[in-house]
Amino acid sequence: MEGKQAVQIVTLKELEEEPLKQSMKKIKADYWSGVKLSENGIYGSFQMHNGKRVRPFWAAFFIDNSRFVFTVIKDETDLLTEVKEKIKAVDLQEGIAFIFDRILATGQHAVEEMENYLINMEREIVAGNIDRNRNQAIFECKRTLTLWKNDYVQLLNVADGINGMGQALPEECACYFRVYENKVRRVSEQIQFLYEEVVHVREALDAAIAYEQNRIMKVFTTVTTIFMPLTLVAGWYGMNFNSMPELTWRYGYLFVGALSVAVVIGCIIFFKKKKLF
């Protein structure tokens, strides 16, 4: 029975202890995140956004030497559904580890998915697959990573704050949060790396778009250059002066046509050799 009472996952409505419930309500009303020490234990609160759909998860908790009450204020992720069954017969340190490790593991999985998504996007951009929706996708990735970065700053502050109040906890719990702080810090650094990777992907997209535009302009310039001599020929032979030698020549028309074809072929061969066409 003691194991069941040591760790609880409840909602505000399910929280039966009135003083604790009022304290949790104050945390909810203030939209406060972090930890604070009270006479009877440590209170804390944090928010997370899991997955690329950035579904919110908001929780508050209370820890003392004998119990851990984790209060789910808002959850659109069902993040702790599986954990509820596992904590029914565990001690304080084990229950805390189950809950916080589950939160971190879900975040790590989302970060790995985002990393693979960005790698695939960059590969497609480099391969020349420039979709018109790429800018929107990059913006959504940046927005999501910004939320995650802020979330893990909160979680890191929580772990750091608990470590600063470690005297209020059993030694094994204090030791767990020291290790947990390092884990959260590594995930936070990975998110920062992905945030910088988004910048690189955006630069790759801009470079690919610029390259495509330059390629199109090069084709237009080459075609225009090829037909410029024909414009000169057309203008020259379109003057129709009586003294023009080809004006009354029987093969004058064929000569101008052959000259035009020869000019086009000559320009194409020249640009091919220069790799401009």
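The values are calculated or read from the model by the stated rules, or taken from the named source; none is laboratory data. Keep in mind it's a predicted model, so treat the numbers as computed, not measured. Every residue, glycine as well, gets a Cβ built from its backbone with ideal geometry; the counts of neighbours run over all protein chains shown. Accessible surface areas use protein heavy atoms only, side chains included; no ligands, DNA or RNA. Shrake-Rupley method; radii C 1.70, N 1.55, O 1.52, S 1.80 Å.
Restricting attention to strands (runs of 3 or more DSSP E) lying wholly within segment 1-112, give those where 1 or more residues are modelled with pLDDT under 80.
Once the strands (runs of 3 or more DSSP E) in segment 1-112 are filtered for at least 1 residues that are modelled with pLDDT under 80, what remains is 42-50, 55-63, 68-75.
From the list 176, 180, 195, pick out the single residue that is assigned to a helix (DSSP H, G or I), under 20 Å from residue 57 (Cα atoms), open to solvent by less than 80 Å² (accessible area, probe 1.4 Å) and among the hydroxyl-bearing types (Ser, Thr, Tyr).
Values: 176 fails: under 20 Å from residue 57 (Cα atoms); 195 fails: under 20 Å from residue 57 (Cα atoms).
None of the others qualify; the one that does is 180.
Condition test on residue 119, is it over 26 Å from residue 168 (Cβ atoms), among the aliphatic types (A, V, I, L, M), assigned to a helix (DSSP H, G or I) and open to solvent by 70 Å² or more (accessible area, probe 1.4 Å)?
Considered against the rule, which asks whether it is over 26 Å from residue 168 (Cβ atoms), among the aliphatic types (A, V, I, L, M), assigned to a helix (DSSP H, G or I) and open to solvent by 70 Å² or more (accessible area, probe 1.4 Å), residue 119 comes out as yes.
Given the conditions (1) at pLDDT below 90; (2) touching a helix residue (DSSP H, G or I) at 6+ places or on another chain (Cβ under 8 Å); (3) assigned to a helix (DSSP H, G or I), report the number of the one that residue 130 does not fulfil.
Tallying (1) at pLDDT below 90; (2) touching a helix residue (DSSP H, G or I) at 6+ places or on another chain (Cβ under 8 Å); (3) assigned to a helix (DSSP H, G or I), residue 130 fails exactly one: (3).
Go through the residues of segment 91-114 one by one and say whether even a single one is of a type outside the set (A, V, I, L, M, F, W, C), exposed (fewer than 15 other Cβ atoms within 10 Å of the Cβ), farther than 30 Å from residue 67 by Cβ and in contact (Cβ under 8 Å) with a residue 60 or more places away in the chain.
yes
Per-residue answers, yes or no, for (1) over 19 Å from residue 199 (Cβ atoms); (2) without any contact (Cβ under 8 Å) to a residue 12 or more places away in the chain; (3) among the basic types (Lys, Arg):
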site: 88; (1), (2), (3): yes, no, yes
site: 130; (1), (2), (3): no, no, no
site: 138; (1), (2), (3): no, no, no
site: 142; (1), (2), (3): no, no, yes
site: 149; (1), (2), (3): no, no, yes
